[in-house]
Structure formats: C-alpha cells, structure tokens
Amino acid sequence: MSKRFLAALVVALVAALVVVGCGDKGSPSPTAPSTVTPTPPTPTPTPTPTPTPVVYAPPPAGLNPAIWRYGFYDYDRMYRPESVHYILPADASQKARDAFSAAIATYRGHGLRTPMDLVPSATGANIQVRVTPGLVCGTDQAKSAACTSLEALSSGWITRGIMEFAFTSFMEDKDLVLYESSRAFGTSGFIPMPGYFFSNPSVGDGLTPDEIRMLVARESVPLLAVFIDK
C-alpha cells in the first residue's frame, strides 16, 4: 500500500470521527435535578385583639358627682352582686340579727332591687360577718369601727366578702350596720361632705334622698362602667 493511499485513509477516518463528535452526543445525560424553590405557605396573620370599649357612667342629672362616686368600687368602676347574703356568726345576738334585718328592710323600702337576706346561698355574694377585736382597715394602720373586703369576677360581679366589726356592740348598732352593709353592694369610700349618712353614720338621720337616688340608679349602670363626673 502506497504512502499516499495511507495518508488519504487517515484523513478520511479523522473526518468521520469529527462528524460523529459534532453530530452525535452519544448516550443522553441524565436529567438535571429541579432547582425551583417551592413557595413557602403564606403565614396566617395573628389577629389583633379588639379592645373592649370603655363605658363611662356620669351621674344622673342633678346628682352631685361626689355622691355618685360613692357608688363605685376601687378604681372607680362599677361592681355589683347579683344578690347579697349576710352570714352572721352562729352565736350572733338577736340584736345583731335585728340590726341587719332592719338594714335590709330599709334598702328594700327605698326601692333597691338587689335581693338581700341572712341565709347562705350558692349564688350571689355571701358576706361573712364577724367580730375582729383591734380591727385595722386599709394601709394607714388606724383602728376602725368596721370594714368590708370584697372579691369579684373579671366580669364585675361580686361573689363574696368579709364584713368585720371591732366590737360585738358595733355589729348591733343599726346605723353602723346600715352604713357598712351598703359595702356589699360595691360602694366604697365615703361622701366627703357633711350632712350625708354615708359621710357620718353616727349622725343617725338616715339616708338622704340623694343617697337613695344614687343607690337605686347604680343598679342600672353596666358592670365595669367607669365613673365620670359629668
């Protein structure tokens, strides 16, 4: 075989290899994995709690705001019991029982709708009445004649309480009992003006018309309503 023929054959083979290399990719490459990033789920927004609107309770027309404010409990909000049950000690004297019965009759006679009695109950507010010698009320460490502490639900309903008197004779005093028993309704403080029963029960003149009006009107005020003076 001549050298010229061999050279031609080599050229032909190289050309064939070039054609195969350019036109045939051989076995196909495996499919490349997907690079698409999945879309994360849209987070559910946390709902913003809707604040409970504040209800304000101005005094009835013509009623002094200082008298009206007596009808609101601490922080000047309206708290009330569904009913009041004064639970006297088992050894309470008849005079003490008569004093509480007289107070209940007085409030009922003036038109208060809150049920009141001297019998424990599973509903309303049971107010435990007791004698505490050397009684101290509040944070001023001053000795007191009587004081009452109450417990209430967040809804504003009073559920129970303790009413204390410094002496047995105080628990038998009709004026002091009438004064202190009003605390079970959710009243607090005192009327800072002379001439009113809830400013000085020792005067013994009984409830004034404005005080009665306050006690009756507060029974229609929404629970947790906030005192406002006008």
For segment 172-177, just list the computed ³J(HN,Hα) in residue order, Karplus coefficients 6.51, -1.76 and 1.60, θ = phi - 60°, integers in Hz, with x standing in for Gly and Pro. 9, 7, 4, 5, 5, 5
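Carbon and sulfur atoms: what percent of the 1.4 Å accessible area of segment 150-221 do they account for? Kindly include the intermediate steps, with their values, before the conclusion.
Values: 1780 of 3150 Å².
Looking at segment 150-221 in its full context, I get 57 percent from C and S.
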Could you tell me which residue out of 227, 163, 148 lies farthest along the dipole of segment 144-230 toward its positive end? Charges go on the beta carbon: Lys and Arg +1, Asp and Glu -1, centred on the Cα centre. 227
The answer for residue 152, listing residues at least 5 apart or on another chain whose modeled amide H is closer than 5 Å to its amide H, is 159
What is the gain in length, in nm to one decimal, between residue 169 and residue 105 on full extension, counting 0.36 nm per residue of separation less the C-alpha to C-alpha distance? 21.0 nm
Full-extension gain in nm, residue 118 to residue 226, via 0.36 nm per residue minus C-alpha separation: 35.8 nm
Which of the aspartates and glutamates could be linked to residue 174 by a straight reach, that is with a Cα gap under 19 Å, when you skip same-chain ones fewer than 8 residues away? 91, 98, 117, 164, 205, 211
Return the distance in nm (one decimal) between the two label points of a simple spin-label model at residue 74 and residue 132, each offset 7 Å from Cα along Cα→Cβ. 1.3
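Quote the relative contact order of segment 131-213 in percent (integer), defining contacts as alpha-carbon pairs under 8 Å separated by 6+ residues.
Relative contact order for segment 131-213 comes out at 22 percent.
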What distance in nm separates the two pseudo spin-label positions at residue 162 and residue 216, each 7 Å out from Cα along the beta-carbon direction? 3.6
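Extension gain residue 154-residue 205, at 0.36 nm per residue separation less the Cα-Cα distance, in nm? Could the numbers behind the result be given before it?
On the way: separation 51, 0.36 × 51 = 18.36 nm, distance 3.65 nm.
My answer for the length gained is 14.7 nm.
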Could you put 77, 218, 108 in order of accessible surface area, largest first, with the 1.4 Å probe and the full protein assembly present? 108, 77, 218
Expected sort for 80-86, 168-174 on mean C-beta neighbours within 10 Å, highest first, is 80-86, 168-174
Check: segment 71-230 dipole with +1 on Lys, Arg Cβ and -1 on Asp, Glu Cβ, in debye: 260
Mean accessible area per residue over segment 49-96 (1.4 angstrom probe, all protein chains present, square angstrom) is 56
Near the amide H of residue 125, under 5 Å away, which other amide H atoms are found, from residues 5 or more places off or on another chain, if H is placed in the peptide plane? 82, 83, 84, 85
Pop out the ³J(HN,Hα) list for segment 72-89 in order, Karplus 6.51 cos²θ - 1.76 cosθ + 1.60 with θ = phi - 60°, rounded to Hz; leave Gly and Pro as x. 10, 7, 3, 6, 6, 10, 8, 10, 8, x, 6, 7, 10, 10, 7, 9, 7, x
Between the modelled labels at residue 52 and residue 91 (7 Å from Cα along Cα→Cβ) the distance in nm is 4.3
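The values are calculated or read from the model by the stated rules, or taken from the named source; none is laboratory data. Everything quoted here is computed from the prediction, not taken from an experiment. We place every Cβ from the backbone using ideal geometry, glycine too, and count neighbours over all the protein chains shown. We work out accessible area using only protein heavy atoms, side chains counted, and drop any ligands, DNA or RNA first. Shrake-Rupley method; radii C 1.70, N 1.55, O 1.52, S 1.80 Å.
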